[in-house]
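Colleague: Please read through the structure below; I'll follow up with questions.
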Amino acid sequence: MLRVKNICKQQGITLKQLAERMDVSPEVVTRMLSENGNPTLSSLENIAKALGVEVYELFDNFDADKMVRGYLEVGNKTYRINNFNDLQIVYNKITSGE
């Protein structure tokens, strides 16, 4: 579950202001954050950038050791993910252009 609304509240900004920072309509942000929303990695990066946080901080109950298993395909590369720490490492590689 995403904790974007809590982060906005902590920072004293509204979802409308978040949308303005992201250069999207408030409806887009509302849709992304709804129960049925499924934001892309790119959308999560935009949200994190607008809030001045790391992508992993957007998730409830972040725990670097919590088991998350799967594969992440980015372009022509596939990364194996075993926990949130792996996800953070891959995110750092992607954003640094490695």
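Colleague: Right, residue 16: touching a helix residue (DSSP H, G or I) at 6+ places or on another chain (Cβ under 6 Å), among the charged types (D, E, K, R) and assigned to a helix (DSSP H, G or I) or not?
Modeller: Yes.
Colleague: Out of all the residues in region 17-41, which are over 25 Å from residue 94 (Cβ atoms) and either touching a residue at least 12 places away in the same chain (Cβ under 8 Å) or of a type in the set (Phe, Trp, Tyr) (or both)?
Modeller: 30 - this is the single residue of region 17-41 that is over 25 Å from residue 94 (Cβ atoms) and either touching a residue at least 12 places away in the same chain (Cβ under 8 Å) or of a type in the set (Phe, Trp, Tyr) (or both).
Colleague: Would you say residue 46 is over 18 Å from residue 83 (Cα atoms), touching a residue at least 24 places away in the same chain (Cβ under 8 Å) and either over 14 Å from the mean Cα position of the chain (by Cα) or assigned to a helix (DSSP H, G or I) (or both)?
Modeller: yes
Colleague: May I pose another question? Can you list residue pairs whose Cβ atoms sit under 6 Å apart, with the first residue in region 82-98 being outside the structural domain of residue 42 (by TED's automatic domain parsing) and the second being of a type in the set (Gly, Ala, Ser)? Count only pairs 6 or more apart in sequence or on different chains.
Modeller: 84/64; 85/64
Colleague: While we're looking at this one, here's another question. Checking the structure you have, find out if any residue of region 27-40 is modelled with pLDDT of 90 or more and among the acidic types (Asp, Glu).
Modeller: Yes.
The values are calculated or read from the model by the stated rules, or taken from the named source; none is laboratory data. From a predicted model like this one, the values you see are computed outputs, not experimental measurements. Glycine gets a Cβ as well: all are built from the backbone with ideal geometry, and neighbour counts include every protein chain shown.
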